[in-house]
Amino acid sequence: MKLQVSNANQPTWHNMVVSNSLPEKLRPLEEISKNLWWVWNSEGKNLFRDLDHDLWRSTGENPVMLLHQLSYERYQEILNDKGWMDRIKNVYKSFKDYMKQPMRNDLPSVAYFSMEYGLCSCLKIYSGGLGVLAGDYIKQASDSKVNMTAVGFLYRYGYFQQSLSIDGQQIANYEPQNFDQLPIEPVLGEDGQPMILEVPYPGRIIYCHVWRVNVGRMKLYLLDTDFDMNSEFDRPITHKLYGGDWENRIKQEYLLGIGGIYMLNRLGIHTDIYHANEGHAALLNLQRLVDYVQKDHLPFNVALEVVRASSLYTVHTPVPAGHDYFDEGLFGKYMGEYPAKLGISWSDLMNMGRENPDTNEKFSMSVFALNTCQEANGVSWLHGEVSKKMFAGVWKGYDPAESHVGYVTNGVHMPTWAASEWKAFYADKLGEQIFEDQSNPEAWKGIFNVGDDEIWNMRMTLKNKFINFVRRDFREKWLRNQGDPSAVMQIMDRINPNALIFGFARRFATYKRAHLLFNDLDRLAKIVNDKERPVQFIFSGKAHPADGAGQGLIKHIMEVSRMPQFLGKIIFLEDYNMTVAKRLVTGVDVWLNFPTRPLEASGTSGEKAEMNGVLNFSVLDGWWYEGYRFDEKAGWALTDKRTFTDQSQQDKLDAATIYSMLENEIIPLYFDKNYKGYSPEWIQYIKRSIGHIAPHFTMKRQLDDYIDRFYKPEAKRAASLKAHDFAKAREIVAWKESVASKWDQIEVLSVDYNESAANTYHTGGDYQVKCTLDTKGLGDSIGVELVTYKEHDGVSDYAGRQQLKIVSQNGSIVTYQLDTKLTDAATYRYALRMYPKNLELPHRQDFAYVRWL
């Protein structure tokens, strides 16, 4: 018999899953891991990190995954170590003490809707500044004990992870999240099984799992469509953040707004205020309208009055092109059933999203938000002014200066973004109360009593920590992507703690102007290769996968960084995320930001730097337009004045200005060192930055502003409209309908501007204007005012408005008159404007009927 070389049958494999069973005495670790309190409380974060440093990094700072992967032997070591058990007990006590404090009942309750939330690196439901802002906001809501509920999506892939090819090309990697290994919990139904939310879409039901993120004391609920009850066409709704085509986008925004209200109703959560963080969530008010019409049996106009009074829209985008617009056909495919539910026509619904009604304009989510929210705001003072102009077409007849659009300047959550070393430092030097009173400038004045040596030592500690982070975490990435191991080692060797290190990290869009620094490579080479005054620049950031120009900027920086004269002096850190961001804003010396003004709505990375003694060098735009004015000896600024209309010429001028300020101001100041090895004046800049600027840009100040400017006034008015079976809302609507029905019938019987023959006047002189109207019975519901514009250099600037008083009334015939004194010499344009007048309205744009006389 001939022997065969091999003889084997197929194995019968059996599956067995062995998971860690957390010992009972360590259960507190699991409870803490499922609440993001640990993200901003250093004792909690350090507890998980110290369980296993390497595992903490390899799991992406994910405590749930860390506890799953920690070895049985390590658990036994902890159980047998009294020091460790005491530490766990103490941290758990701090956590429980925090959690047992009740939410405030003297403030309105709020439902907050956002497409993204940046809470921690391991929960990939954010892409950048908008999400990190939302994450900081709900953390502060927890700290401030505000009764807030947040709504968003649990993305399977989230935003992409970035890697760079050898030639510097960005590669977008979408890696699925394992929901069972995230710091989240499924919301269970009455049967104890995961709750299934049914959201009606045209012709079908979309089924959603609902997940809860415990963010300290408050809850964030996330919708998830990626499971087999949905079709392959609908499962991807929650796959990617800002991914897919326009149809996927409208499906997402439908689910966020309409599905979000369905979810809150199912959970029994009804709040005083509904806050849309950007226009993505605007459809929440469409569903609220349906609920009032169908459940409370309100007429549409009354329902709209109630919904508007309790809604706020925050815009983060400074240009119209950044807003979402949907073709009527696509919008109708998903919203076609809603007019019948509301008792209105299709054109009525479309017009709610059009700046110019009864046209072929696309449906704008932002315009719909403005028409269904009583209040709207930008995210810095300057952005508020830009937004007034951007939205002026919605309320024709009113100048942008008269707009009700307000602002709340963004802030950052100090306990999240201040390094643990700084938080301990602040507690020691300024007192523990600093964290409760962080937005009070008086609480920060103690920083000026701290020794210069202590400030310098803190900065060097954080700089070395950052350098160690780069060497440890990026060595393998660079070896994989750079192609030349010797070049990687040169970069590692050249990262210099004695250098002045500049940081630039953010989304790579062309308006952010990352290229300015590379406008003159010869001049830049001289700056970074000065052996007596070494300088390094660290870059990081992602470009949207569809933004070829932004990706080109990254590629260009990578190409420059590999030139011999810039090797180790210009460094790009790939896969920018919250972990990298924190190391950067705590570890560099100066934070750079050079956007094209006024395209930076706010920007918050520089605010994070402020909390860590890192100085800002930025364009006077967004938050820095305000921040720099608190103390001009606490950072540096490019002027807000434009010299050239041609942007390329302006870029060249700004680049030259940047080089000059680096060479003549910033670098010499840093290296003007004393015998102790630091610059005393640089330390004074740091102290002034912390003491004079940082308090004004905390998230606590931001939240307090929203409460005082919007939540409390809106909640008070909304409650009055709802009282006694919506009596006040019905009364206001009846008045509006009466005015609207007679508006076009009002007759102008006479207008007398009392103009002189030469139409010239002198200061100190009297001026009178008079008009007579047949108000058709509306009487004092009609106001008349004189609107003036001041002319100069071919430009007309809004100068104000003056009310005419009723001087006689005979039936419906009303005469209005203004007697005023001319005080300012100038050339003016003026006209009379008629408008509906009612003290019950929150502002003019609430009922923006205008007629020029």
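The values are calculated or read from the model by the stated rules, or taken from the named source; none is laboratory data. Since the structure is predicted, the reported quantities are computational estimates derived from the model, not experimental observations. When we count neighbours, we look across all protein chains shown, and the Cβ atoms used for this are built from the backbone with ideal geometry, even at glycine. Remember, those area values only see protein heavy atoms, side chains included, never the ligands or the DNA or RNA. Shrake-Rupley method; radii C 1.70, N 1.55, O 1.52, S 1.80 Å.
What Kirkwood Rh does segment 613-707 have if only Cα atoms enter the pairwise 1/r average? Answer in Å.
Values: mean 1/r = 0.0663 Å⁻¹.
Evaluated over segment 613-707, this radius sits at 15.1 Å.
I need the semi-axes of the equivalent ellipsoid of segment 386-453: take the C-alpha gyration tensor, multiply each eigenvalue by 5, square-root it, list largest first in whole angstrom.
Working: eigenvalues 350, 30, 20 Å².
For segment 386-453, the ellipsoid semi-axes come out as 42, 12, 10 Å.
Relative to the longest principal axis of the chain, what angle (0 to 90°, nearest 10) does the C-alpha long axis of helix 548-561 take?
Around 40 degrees separate the two axes.
Expressed in whole Å with the largest first, what are the equivalent ellipsoid semi-axes of the chain derived from the C-alpha gyration tensor as the square root of 5 times each eigenvalue?
On the way: eigenvalues 506, 274, 137 Å².
Computed over the chain, the values are 50, 37, 26 Å.
Suppose a student asked you for the relative contact order of segment 743-815, using Cα pairs under 8 Å spaced at least 6 residues apart; what percent would you report? Don't jump to the answer; show the numbers that get you there.
On the way: 93 pairs, mean separation 21.8, N = 73.
Computed over segment 743-815, the figure is 30 percent.
Might you tell me the accessible area per residue for segment 642-727, computed with a 1.4 Å probe and given in Å²?
On the way: 3730 Å² over 86 residues.
Result: 43 Å² of accessible area for each residue.
Can you list the residues, at least 5 places off or on another chain, whose amide H is less than 5 Å from the amide H of Phe508, using H built in the peptide plane?
Lys542, Ala543, His544
P(r) for segment 128-243, please, calculated from all Cα pair distances in 10 Å bins and given in %.
With a bin width of 10 Å, the distribution comes to 12, 35, 33, 15, 4, 0.
Compute the relative contact order of the chain as a whole-number percentage, counting only Cα pairs closer than 8 Å that sit 6 or more residues apart in sequence.
Working: 1481 pairs, mean separation 86.9, N = 853.
Computed value for the chain: 10 percent relative contact order.
Keeping all protein chains in place and using 1.4 angstrom, which order do Leu264, Leu599, Leu107 fall into by accessible surface area, from largest down?
Details: Leu264 0, Leu599 50, Leu107 25 Å².
Solvent-accessible surface, decreasing: Leu599, Leu107, Leu264.
So what does the Cα-only Debye profile of segment 323-479 read at q = 0.10 Å⁻¹, as log10 I(q)/I(0), no solvent term?
-0.69
Amide H to amide H, which residues 5 or more places from Thr149 or on other chains are under 5 Å from it, using H placed in the peptide plane?
Here the answer is Val110, Ala111, Tyr112, since their amide H atoms fall under 5 Å of that of Thr149.
First compute the accessible area of the chain with a 1.4 Å probe, then give the percent of it belonging to carbon and sulfur atoms.
Working: 17350 of 35340 Å².
Here carbon and sulfur together make up 49 percent of the probe-accessible area.
Considering only protein heavy atoms, what per residue accessible area in square angstrom results for segment 538-590 with a 1.4 angstrom probe?
Accessible surface, normalised per residue, equals 26 Å².
Can you give me the P(r) profile for segment 689-842? Cα pairs, bins 10 angstrom wide beginning at 0, each as a whole percent.
9, 25, 22, 23, 15, 5, 0
Under the definition of Cα pairs under 8 Å and six or more residues apart, what whole-number percent is the relative contact order of segment 182-255?
Relative CO of segment 182-255 lands at 20 percent.
Where both residues lie in the chain, what percent of DSSP beta bridges are antiparallel, nearest 5?
Details: 61 of 107 bridges.
The antiparallel proportion sits near 55 percent.
What ratio of Cα Rg to 2.2 N^0.38 Å holds for segment 773-853?
Details: Rg = 14.5 Å, N = 81, 2.2 N^0.38 = 11.7 Å.
Here the Cα radius of gyration is 1.24 times the empirical estimate.
So how long is each side of segment 461-575 along the principal axes, counting just the alpha-carbon atoms, biggest first, in Å?
38, 32, 29
Could you give each residue of segment 131-145 its phi-based ³J(HN,Hα) in whole Hz, using Karplus coefficients 6.51, -1.76, 1.60 with θ = phi - 60°, and x for Gly or Pro?
With coefficients 6.51, -1.76 and 1.60, one gets x, 5, 4, 5, x, 4, 5, 6, 4, 5, 4, 5, 4, 8, 6 Hz.
How long are the semi-axes of the ellipsoid equivalent to segment 154-307, from square roots of 5 times the Cα gyration tensor eigenvalues, in whole Å, largest first?
Square roots of five times the eigenvalues give 31, 19, 16 Å.
Whole-Hz Karplus ³J(HN,Hα) for segment 665-675, in order, using 6.51 cos²θ - 1.76 cosθ + 1.60 and θ = phi - 60°, x for Gly and Pro?
Taking θ as phi minus 60°, the curve returns 10, 6, 5, x, 5, 5, 8, 7, 8, 8, 5 Hz for segment 665-675.
Within 10 Å of each candidate Cβ there may be at most 10 other Cβ atoms; applying that plus a DSSP loop requirement, which GluC sites (Glu not before Pro) in segment 213-258 survive?
Numbers: sites: Glu232, Glu247, Glu253; in loops: Glu232.
Counting only loop positions with at most 10 other Cβ atoms within 10 Å, the GluC sites (Glu not before Pro) in segment 213-258 are Glu232.
Collect residues whose amide H, placed 1.01 Å from N in the peptide plane, falls under 5 Å from the amide H of Gly189; neighbours closer than 5 in sequence don't count.
Met195
What does the convex hull of the Cα atoms of segment 303-400 come to per residue, in Å³, rounded to a whole number? Working shown, then result.
Numbers: hull volume 10.4 nm³, N = 98.
So the per-residue Cα hull volume is 106 Å³.
Work out which chymotrypsin sites (Phe, Trp or Tyr not before Pro) in the chain are exposed loop sites (DSSP not H, G, I, E or B, at most 10 other Cβ within 10 Å) and give the longest gap free of them.
In the chain, the maximal stretch lacking such sites is 14-674.
With a 1.4 Å probe and all protein chains left in place, how much accessible area per residue does segment 776-853 have, in Å²? Each step should come with its number before you reach the end.
On the way: 4170 Å² over 78 residues.
Accessible area per residue: 53 Å².
So for Glu785, Glu77, what's the accessible-area order with a 1.4 Å probe, most first? Provide the component values of the computation, followed by the final result.
Details: Glu785 0, Glu77 105 Å².
My answer, sorted largest first, is Glu77, Glu785.
Quick one: angle between helix 284-294 and the longest Cα principal axis of the chain, in degrees between 0 and 90, rounded to 10, please.
Approximately 60 degrees, to the nearest 10.
Per DSSP helix of 4 or more residues, -39500 (n - 2.57); summed, then divided by the residues of the chain. What does that give at 222 nm, rounded to the nearest 500?
Values: 31 runs with 321 residues, N = 853.
Counting only the DSSP helices, I get -11000 deg cm²/dmol.
Rounded to the nearest Å, what's the spacing between the alpha carbon centres of segment 376-428 and segment 692-757? Just the number, please.
Taking the Cα centre of segment 692-757 as reference, the centre of segment 376-428 is 21 Å away.
Any idea what angle helix 712-743 forms with the longest principal axis of the chain, computed on alpha-carbon atoms, 0 to 90 degrees, nearest 10?
Helix 712-743 sits at roughly 40 degrees to that axis.
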